[in-house]
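Below: the structure, in structure tokens.
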Amino acid sequence: MNIGLVDVDGHNFPNFALMRLSACYKAKGHRVEWAALRQRYDKVLASKVFTFTPDYDYDLLDVGEVVRGGTGYDIAGRLPEAVENSRMMDYSIYPEYPFSLQFFSRGCIRKCPFCLVREKEGYIQTVEPVELNPKGKWIEVLDNNFFANPQ
């Protein structure tokens, strides 16, 4: 299967979900790349983190199926369980970033009125670390409340 990726936010920081999805699809032997115009895709996987980001114009793509995910589309949406529970990460889709990404916990102890983390991820809980970037020079820890981690 030929799969295209779309980072709707395009906010110049690696998209954790797309890295996980890419790794899982590549492990199954599928071709995965950034979605490009005039290229045929069986499936496009799109991630939108922020609700205020304008949507992508999917009509520009030649695609059989578009799968939209992320808080910007649906706060209750989740990655498929096999992807969510995988430790695999495809750092090759972001070669310009010489670091690894890591979460040691998800969720939050607070309920700030401007933030969606607690609503989306629940109360803080420890999570399994993911693979490190083999070319990474440092680790960017993305926990919302690193010092509140119960472990």
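Key figures for this structure:
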read-out: Matching residues in segment 6-43 - criterion: being more than 14 Å from the chain's Cα centre (by Cα) and among the aliphatic types (A, V, I, L, M); value: Ala27, Val32, Ala35, Ala36, Leu37
read-out: Verdict on Arg78 being free of Cβ contacts under 8 Å to residues at least 24 places away in the same chain, in the same structural domain as Val32 (by the TED database) and either surrounded by fewer than 18 Cβ atoms within 10 Å (Cβ to Cβ) or in contact with a Leu (Cβ under 9 Å, 6 or more places away or on another chain) (or both); value: yes
read-out: In segment 96-119, residue farthest from Phe52 (Cα to Cα) [restricted to those that are without any contact (Cβ under 8 Å) to a residue 12 or more places away in the chain and of a type outside the set (Asp, Glu)]; value: Lys111
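The values are calculated or read from the model by the stated rules, or taken from the named source; none is laboratory data. Because the structure is predicted, anything quoted here is derived from the model rather than measured. All Cβ positions, glycine included, derive from the backbone under ideal geometry; neighbour counts span all protein chains shown.
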